[in-house]
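Remarks on the structure that follows.
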Amino acid sequence: MSRHGLAHAFARVAAAAALLVAVSVASGTGALAAGQELGKVLPTRSPEKVYSSTCGYCHGHNVGPIIRGRGLPVETIEYFVRHGNGAMPAFRPTEISNTELKALAQWISQAPVDAKEHGQ
Amino acid sequence: MSGISRRDILAAGAVGSSLVAARAFATPLDGTRMLPKRMSRSTFATAVKELQAIVGSDWVFADEESTVSYRKSFIPDLRGEHVPSGAVAPESVEEVQAILKVANKYRLPLWPISTGHNMGYGMATPASSGQMILDLKRMNRILDFDAELGTILVEPGVTYQQIHDYIAEHKLPYWIDVPTVGPIVSMVGNTLERGVGYTPYGDHFFMQCGMEVVLADGSVLKTGMGSVQNSTTWQAFKWGYGPYLDGIFTQSNFGVVTKLGMWLMPQPPVYKPFVVRYPNAEDVAKATDTIRPFRMNNLIPNGVLIMGALYQLAMFKRRTDIFNGTGAIPEELIKAEARRNGLGMWNTYFALYGTDATIAATEPILRAAFEASGGEVLTEAEMTGNPWFEHHKTLMRGGMTLEEIGLVRWWGSNGGAVAFAPVAPAKGAETAGQSALAREIMNKHGFDYAPAYAVGGRELHHIIFLMFDKGDDDSSARAETCINEMIVRFGEKGWCAYRSSVSTMDLVARQYGETNRTVNARIKHALDPNHILAPGKQGIA
Ligand SMILES: Cc1cc2nc3c(=O)[nH]c(=O)nc-3n(C[C@H](O)[C@H](O)[C@H](O)COP(=O)(O)OP(=O)(O)OC[C@H]3O[C@@H](n4cnc5c(N)ncnc54)[C@H](O)[C@@H]3O)c2cc1C
């Protein structure tokens with residue numbers, strides 16, 4: 001294991017300890033954001049994270065139309081993600097899992113408009 | 001093609017799913033999932049069952065609806081020549097080995113992908129129909145990050161976004177180098193295609209160090225220092241001992257790469273991006289001749305892009321924003337539109353990395369040379385807020401963006417783009433010649449020439465995105481003819497592609513000569529006698 005790997009392992013132990021304290025004191029506050037650990041697969045991501053690291057690079061950012069704040073139906077969103085459309089690639093269950101997609105579609109459907117976003 | 005328009009879906013509203021179910025197979029192609037050549041339905045079904053036993057039934061996709069996301073691509077495919085039979089997605093090396101055993105048993109051809117976003121080259125689709133996609137995206141572990149050496153060891157499914165996030169979260173003093181589409185693509189997939197980026201580490205295969213490959217017979221090869229017992233050097237020394245093997249597993253079908261090592265660039269204290277604007281189409285020769293010596297002596301250290309005006313405009317605009325007539329857009333219109341947007345006909349993006357003192361020492365030398373060649377040298381002082389400058393500023397520091405994909409919708413909402421990427425020596429006469437030939441051929445077929453030159457050291461990749469309308473069969477047919485004509489006529493002048501779409505692999509492979517093909521065929525036969533791995537990849541059966 002590399003130096004960093006070791007440092008990381010230590011950090012994990014420390015984080016776990018911190019989490020225990022945090023859980024007992026303030027039910028979870030202070031826990032680290034769930035990023036990816038060395039040697040582990042990417043954990044299930046929140047809808048916000050999937051959006052900001054995939055959809056948000058195009059939608060509301062010069063390439064695709066704004067999709068938040070329009071109350072788009074959940075099924076419609078899921079359909080576009082799996083099929084792609086024109087310049088939009090299709091995203092497979094291996095990259096956006098069914099669980100992630102369900103939560104993402106619901107989140108987008110209900111999300112308010114973000115003033116920082118603009119159309120194509 | 002889904003055979004169902006965006007408007008239909010949006011109009012369907014909450015009942016969208018029933019509409020989708022009823023109409024998803026509306027085109028003839030969608031209705032005929034392609035089986036592997038010479039394989040009966042029952043054999044295919046048996047193989048699928050065995051694959052399900054290995055990876056679980058959730059991770060085998062072998063019906064119309066579940067394979068839809070593997071069929072999507074931006075390139076023309078009028079005759080359904082790149083339709084996969086399905087997909088299987090392992091999560092470990094052991095599962096890959098077990099899948100290969102099944103594939104050998106039934107002669108099931110497998111097309112490996114890492115993230116399968118090979119955009120403009122066929123996305124995840126195979127060189128011939130019926131192959132099953134071996135989707136390695138679930139294998140997305142970052143296995144090692146050595147913070148002293150700045151090296152990383154990753155699995156195929158790791159995206160540049162994941163590495164970007166890992167570095168940010170752990171505050172590591174390194175940069176990654178990305179293709180212009182970093183967030184959704186793979187460091188392994190891109191490097192195996194010998195892709196390029198725009199920091200000083202832009203030649204990805206050059207910066208690769210050590211790989212693990214599962215061969216068709218299930219044996220696991222670690223290249224370089226990787227097979228030495230107790231090795232601590234796998235990601236530090238590329239060449240190992242004896243013949244250097246890594247190269248034969250890039251742009252190839254000789255094995256399934258399951259791990260890859262890369263070097264990362266130490267984050268510099270100061271980063272300064274530049275653009276050099278040239279006003280005329282002919283100026284590409286001057287730009288090339290000015291850059292070359294600085295790339296050779298490394299005063300300009302990064303992968304430089306010489307961006308044509310139309311490539312730049314196409315990112316953020318649609319064709320109808322500029323032109324409503326028929327045929328290619330007249331040059332004067334492009335020039336005027338470029339000027340309105342703070343762009344030249346050619347826009348050269350480079351950057352300096354170092355300290356204030358080293359940059360202050362280098363900058364005047366470069367400025368003087370570019371200005372003498374007729375270029376206007378601009379920096380953040382003048383260009384902040386210009387969307388194109390901001391885009392390249394992001395790229396030349398390995399940042400995350402997908403903005404360039406905008407060019408795929410140039411002709412409208414159906415999208416359509418296929419890449420032709422010939423290489424040339426970095427000499428003015430060569431770029432001028434290539435640009436003239438490409439423009440002539442593309443305009444003849446009714447397409448706009450939207451060029452970019454990515455300058456390596458002594459060579460450049462001429463990246464030509466042929467933008468067409470995939471929703472229009474006539475446009476698709478012309479795109480196909482046009483790409484083929486470009487490949488052939490460039491080839492006559494000794495200019496060949498460094499990489500190609502799945503639809504033109506054989507055509508390009510022929511240009512590299514019979515002996516070359518025979519040697520590849522002999523290696524293939526030795527390593528994969530049943531030809532189960534990606535038949536047709538780079539013209540290797
Ligand atoms: C607008 C636009 C801009 C682009 N800009 C760039 C750019 O700047 N630089 C650049 O390089 N590309 C660029 N591309 C092309 C492409 O999208 C990227 O190269 C992308 O990284 C390739 O997709 P991927 O990483 O998902 O690889 P994949 O699609 O996963 O892999 C590509 C191919 O490599 C082989 N392969 C992949 N993984 C394995 C494996 N594990 N074992 C064996 N064989 C394997 C397969 O043949 C596969 O089809 C651009 C495309 C578009 C549309």
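Read-outs throughout are calculated quantities, based only on the coordinates presented, and are distinct from any laboratory measurement. Here the structure is a predicted model, which is why all the values come from computation and not from measurement. Neighbour counts are summed over all protein chains in view; Cβ atoms, including those assigned to glycine, are modelled from backbone coordinates with ideal geometry.
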For B:Phe206, the net charge from surrounding residues (Cβ-Cβ under 10 Å; K, R +1; D, E -1) works out to +1
Local electrostatic count at B:Met505 - Lys and Arg +1, Asp and Glu -1, tallied over other residues with Cβ under 15 Å
+1
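Please tell me which of these pairs span more than 26 angstrom C-alpha to C-alpha: A:Lys40/B:Lys37; B:Lys335/B:Lys393; B:Lys222/B:Lys393; B:Lys335/B:Lys427?
Values: A:Lys40/B:Lys37 38 Å; B:Lys335/B:Lys393 23 Å; B:Lys222/B:Lys393 37 Å; B:Lys335/B:Lys427 24 Å.
Exceeds cut-off: A:Lys40/B:Lys37; B:Lys222/B:Lys393.
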Just to check, using Stokes-Einstein with a Kirkwood Rh over alpha carbon pairs, what's the diffusion coefficient of the protein assembly as shown at 4 °C and 1.567 mPa s in µm²/s?
50 µm²/s
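Using only Cα atoms, figure out Rg for chain B and give it as a multiple of 2.2 N^0.38 Å.
So chain B has a normalised radius of gyration of 0.98.
Going by how many other beta carbons lie within 10 Å of each one, how would you line up B:Trp346, A:Trp107, B:Trp410, B:Trp495, fewest first?
Values: B:Trp346 30, A:Trp107 17, B:Trp410 27, B:Trp495 21.
Fewest to most other Cβ atoms nearby, the residues stand as A:Trp107, B:Trp495, B:Trp410, B:Trp346.
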Spelling out what I want: for every residue of segment B:115-124, take phi, set θ = phi - 60°, compute 6.51 cos²θ - 1.76 cosθ + 1.60 (Karplus), and round to whole Hz; glycine and proline get x.
10, x, 10, 7, 6, x, 10, x, 6, 9
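Quick one: net charge of B:Asp246's neighbours, Cβ under 13 Å, K/R +1, D/E -1? Mind showing how you got there, number by number?
Numbers: positive: B:Arg194, B:Lys222, B:Lys238, B:Lys259; negative: B:Glu212.
Neighbourhood net charge equals +3.
To make sure I understand, if each residue's beta carbon is the centre and we count other beta carbons within 10 Å, what order do B:Asp203, B:Asp356 fall in, fewest to most? Intermediate values should be presented prior to the final figure.
Working: B:Asp203 18, B:Asp356 10.
So the residues, fewest neighbours to most, are B:Asp356, B:Asp203.
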Give me B:His462, A:His83 ranked fewest to most by other Cβ atoms within 10 Å of their Cβ, as a rough exposure proxy.
A:His83, B:His462
Considering amide H positions built from the backbone, and no H for Pro or chain starts, which residues 5 or more places from A:Gly64, or on another chain, come under 5 Å of its amide H?
A:His59
Quote the FRET efficiency, to the nearest 0.05, computed for B:Arg367 versus B:Glu282 with a Förster distance R0 of 30 Å and r equal to the Cβ-Cβ distance.
0.85
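Rounded to the nearest 20 debye, what is the charge dipole size of segment A:44-120 about its Cα centre when +1 sits on each Lys and Arg Cβ and -1 on each Asp and Glu Cβ?
Working: 8 positive and 7 negative charges, 8 e Å.
About 40 debye.
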Equivalent ellipsoid semi-axes for segment B:483-541, as square roots of 5 times the alpha carbon gyration tensor eigenvalues: give them largest first, rounded to whole Å.
24, 13, 6
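As a test of the formula, what do you get for chain B when each DSSP H run with n ≥ 4 contributes -39,500 (n - 2.57) and the sum is divided by the residue count, at 222 nm and rounded to the nearest 500 deg cm²/dmol? Display every interim value, and only then the final one.
Numbers: 18 runs with 187 residues, N = 541.
Calculated mean residue ellipticity at 222 nm is -10500 deg cm²/dmol.
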Name the residues whose placed amide hydrogens come within less than 5 Å of the amide hydrogen of B:Ala424, ignoring near sequence neighbours (fewer than 5 apart) on the same chain.
B:Leu460, B:His462
Quickly work out the B:Arg339-to-B:Lys171 label distance, labels modelled 7 Å from Cα along the C-beta direction, and quote it in nm with one decimal.
5.1 nm
Would you mind checking the pairs B:Lys238/B:Lys259; B:Lys49/B:Lys101; B:Lys137/B:Lys470; A:Lys49/A:Lys102 and listing those with alpha carbons more than 22 angstrom apart?
B:Lys137/B:Lys470
What is the distance, in nm, between label points placed 7 Å from the Cα along the Cα-to-Cβ direction at A:Val113 and at B:Ile523?
5.7 nm
